[in-house]
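See structure below.
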Amino acid sequence: MEQKSVEKMGKAPIKKLMLSMGLPVIISMMLQALYNIVDSAFVSNMEGGESALNALTLAFPVQMLVVAIGVGTGVGVNVMLAKNLGQQDREQASMVSGNAVFLGIVITLVFILFGFFGVRPYIATQTANPVIYDMAVKYLRICCTCSAGIVFFNIFEKLLQATGLTVNSTIAQISGAVVNIVLDPVMIYGLLGCPAMGVAGAAYATVIGQVASFLIALFFHFKLNKSVDKSLKYIRPQAKIIKGIYAIGVPAIIAQALMSFMTYSINIILVHADEALVTAYGLYYKIQQFILFAAFGLRDTITPIVSFSYGMRNKKRIMDGIKYGVLYTLIIMAAGTIALELSANPLCSVFKLSGTTESLCISAIRIISIGFVFAGISIALQGVFQALNCGISSLVISLCRQLLFVLPVAWAFTRLIAADLGNAWTVWLTFPIAEIVTGAIATGLMLKTYKKKIKQI
């Protein structure tokens, strides 16, 4: 790392460092969520829009899985790279960077194969409606076979973030989002001489935007990132490096993948009650990501800052990283709760929904966002656990808030409302319950981690 970046990570006041590094990442993550919402808005207003929106909901868990593996791998790279640079070990940092590129190639190939052979049986597990099935298969196949952009963007985004180039990673993210948003109406509706492609157009707009983000991030990495060497020899896979990346990254991958599994499972649970619940939940999930992704962006800032300080064995900076990380995350989530509560009706009116689906979506926004502040505690502390190589604690939090306290409760609620869909809104109580319980568990795990990892420094 250049001397200036080392001084910034090692000496700048944590509360200012957290903001200067975090704001670009937060903006980047929120824009990523925004173009998911924009995709849904354009798709919902095409002919057969509600069916198309349902199709995107069924495809979304696999899209999230692609991101989960890319982000989780990036988290492992981020922590190892930041720690090595904190220890002034440029050679080791370069090997981590090169092996990250190798892993990106492998991940891309896996999802290309899934795109050709796995999409149809996957969609068939969630719907028997032939119109929705065909739309979902078409959309997801494009996203999987053209997944190189999102996989490699996640890798290079973390390489830039770990070396303090967060503004540049944000520029790459913004550029891709703009490309996606501009191309959406052109390719979905058939404007400016482009044929109308419907959901396929939404998929192509998405992957083209992802490729644009990747190429810009790649340019910044080679042009500006002087912290690591880019020789091709570092791409050669090394078992020790890959093991180190995934010792940190696998819990993060599982944590992210649980979001995908939860959404997939909730789709299956809700469809047995009413198809409108699936559409409403899928749309709400994308809307809430605008807030959650902001918290995830700050979490991804907490990780390198605390990891760097931990490599320096600087107790005060570690504790400041935890304190300000949690505080800023809580502020984001409180603001997000207020914003969604106030804007539930106008937000849902943007989408061309039936009366029942719109009502369910509004109730989801109003009820589920109650748990945001408690989710903020869990999300911030996950960043701390990842930084301190406590991946299991991070995984436990994800299991609690996205599996153990969600699926059984959601299943029970759907059975209770099966005979009376007028009370369908009660299903949404599942999520605040899970967040409150998980927030308490995360706090307990943090106290244990403090005694084991930080107190004796």
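Of all residues in the range 363-387 being closer than 14 Å to I338 by Cα and over 20 Å from the mean Cα position of the chain (by Cα), which is surrounded by the fewest Cβ atoms within 10 Å (Cβ to Cβ)? The qualifying residue surrounded by the fewest Cβ atoms within 10 Å (Cβ to Cβ) is R366.
Out of the residues in the range 186-230 that are crowded, with 20+ Cβ neighbours inside 10 Å and without any contact (Cβ under 8 Å) to a residue 60 or more places away in the chain, state the one that is nearest to C146 (Cα to Cα). Ranking the qualifying residues of the range 186-230, first place goes to G201.
Taking the conditions (1) in contact with a Cys (Cβ under 7 Å, 6 or more places away or on another chain); (2) at pLDDT 90 or above in turn, L353 satisfies each one other than (2).
Among the residues of the range 145-153, none qualifies, meaning not one is surrounded by 24 or more Cβ atoms within 10 Å (Cβ to Cβ) and more than 27 Å from V119 (Cβ to Cβ). Screening M30, M21 for residues that are crowded, with 22+ Cβ neighbours inside 10 Å, farther than 17 Å from S349 by Cα and touching a residue at least 12 places away in the same chain (Cβ under 8 Å) leaves exactly one candidate, M21. Among the residues of the range 297-321, what is the count of those that are part of a helix (DSSP H, G or I), surrounded by fewer than 24 Cβ atoms within 10 Å (Cβ to Cβ) and touching a Gly at 6+ places or on another chain (Cβ under 9 Å)? Count: 3. Tell me the residue from Y285, Y281, Y328 that is within 18 Å of the chain's Cα centre (by Cα) and modelled with pLDDT of 90 or more, please. Answer to the selection: Y281. Filtered by the rule that a residue be crowded, with 24+ Cβ neighbours inside 10 Å and farther than 13 Å from S309 by Cα, the range 82-94 gives a lone residue, A93.
Quick grid of which residues meet (1) over 20 Å from F290 (Cβ atoms); (2) touching a residue at least 12 places away in the same chain (Cβ under 8 Å):
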{"position": "L360", "(1), (2)": "no, yes"}
{"position": "F372", "(1), (2)": "no, yes"}
{"position": "A380", "(1), (2)": "no, yes"}
{"position": "R401", "(1), (2)": "no, yes"}
{"position": "R415", "(1), (2)": "yes, no"}
{"position": "A424", "(1), (2)": "yes, yes"}
{"position": "I433", "(1), (2)": "yes, yes"}
{"position": "T438", "(1), (2)": "yes, yes"}
{"position": "M446", "(1), (2)": "yes, yes"}
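Answer yes or no as to whether F296 is more than 30 Å from L340 (Cα to Cα) and of a type outside the set (V, I, T). The answer is no for F296.
Which residue, of A172, A203, A212, is closer than 20 Å to G72 by Cβ and either at pLDDT 90 or above or not in a helix (DSSP H, G or I) (or both)?
On inspection, the qualifying residue turns out to be A172.
The values are calculated or read from the model by the stated rules, or taken from the named source; none is laboratory data. If you're wondering where the values come from, they're calculated on a predicted model, not measured in any experiment. For neighbour counting, all protein chains shown are included, and Cβ atoms are generated from backbone atoms with ideal geometry for every residue, glycine included.
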